[in-house]
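K.L.:
Sharing a structure with you now.
The values are calculated or read from the model by the stated rules, or taken from the named source; none is laboratory data. Everything numeric here is computed off the predicted structure, so don't read it as measured data. Cβ placement follows ideal geometry from the backbone for every residue including glycine, while neighbour counts extend to all protein chains displayed. Areas reflect the complete protein model, heavy atoms only, side chains present, ligands, DNA and RNA absent. Shrake-Rupley method; radii C 1.70, N 1.55, O 1.52, S 1.80 Å.
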Amino acid sequence: MESLERGEVICQHPDSRCGFAVAAGRATRDALLDAATRVFERVGFLDARVELIAQEAEVSYGTFYRYFESKEDIFRELSTRLFNDVHLREPVAPGRTPAERLIASNRAYYQAYRRNSRMMAIVEQVATFNSDFRELRHQHRAQWIERTAAAISRWQDEGRARAGIDPTMAARAMAAMVDHSLYLWLVQGEDADETKLLDTLDQMCLGALGIDD
């Protein structure tokens, strides 16, 4: 047998029982991740304990440590999955105008943020006092900024976006505006009309870049 992940093995002989073992290991690992999400959302990061996660997943305390080293370890994986869901989106269909592409990208981000709003709140909180998670947050955000800046630069080269702005600074400013607006609305509970808020954010991004709707 060779190791696949902590708690999982790959059999190198044709025994169907090995396939069941691998599937069971993955199911247990997924159950722990789902349970950890519920625990973190319910009690927050600081009050979450491995014991609570194991109980939520209906597995033994020792079983948790077959798959994860600590609550920080499982939180790191959940954070990475969250950032991938929020920031790594399907490419927009070719042939669309810059305005259509920007709006489609923004709306996909809004939807992903809404899906993950409770965990996003916890991740943002943890990033304020844990340097490792803060760096993880920065890394994923930087990838998002880089992709947005590349698109802006391309539109500038094509004469379809305002030439006098720095693509990276523009991407950072728009990301900050959108992120904070969604945080206040979806996490802090600030009252807002959804359609008006999202339309306004789209129009402000387009206006800042000088892109016609």
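K.L.:
Looking at Ala104, is it out of contact with any Cys (no Cβ under 9 Å at 6 or more places or on another chain), of a type in the set (A, V, I, L, M, F, W, C) and surrounded by fewer than 18 Cβ atoms within 10 Å (Cβ to Cβ)?
P.N.:
yes
K.L.:
Looking at the structure I just gave you, is Thr80 modelled with pLDDT of 95 or more and within 25 Å of Arg141 (Cα to Cα)?
P.N.:
no
K.L.:
Okay, next question. How many residues, within the stretch 185-209, are surrounded by 15 or more Cβ atoms within 10 Å (Cβ to Cβ) and among the small types (Gly, Ala, Ser)?
P.N.:
Residues that pass the stated criteria total 2.
K.L.:
Going through the stretch 89-101 one residue at a time, which ones are at pLDDT below 90 and either polar (S, T, N, Q) or surrounded by 13 or more Cβ atoms within 10 Å (Cβ to Cβ) (or both)?
P.N.:
Answer for the stretch 89-101, where residues must be at pLDDT below 90 and either polar (S, T, N, Q) or surrounded by 13 or more Cβ atoms within 10 Å (Cβ to Cβ) (or both): Arg89, Val92.
K.L.:
If you don't mind, there's one more thing I want to ask. I'd like to verify a number: residues in the stretch 107-158 that are touching a Lys or Arg at 6+ places or on another chain (Cβ under 8 Å), assigned to a helix (DSSP H, G or I) and polar (S, T, N, Q), how many?
P.N.:
1
K.L.:
Of the residues Phe129, Phe133, Phe75, only one is out of contact with any Leu (no Cβ under 8 Å at 6 or more places or on another chain), open to solvent by 60 Å² or more (accessible area, probe 1.4 Å), over 21 Å from Leu198 (Cα atoms) and of a type in the set (Phe, Trp, Tyr); which?
P.N.:
Phe129
K.L.:
Just to be sure I understand the filter: pairs with C-beta atoms under 8 Å, separated by 6 or more residues or on different chains, first member in the stretch 126-147 and closer than 12 Å to Ser79 by Cα, second member open to solvent by 20 Å² or more (accessible area, probe 1.4 Å) and outside any helix (DSSP H, G or I). Which pairs pass?
P.N.:
Arg134/Thr128
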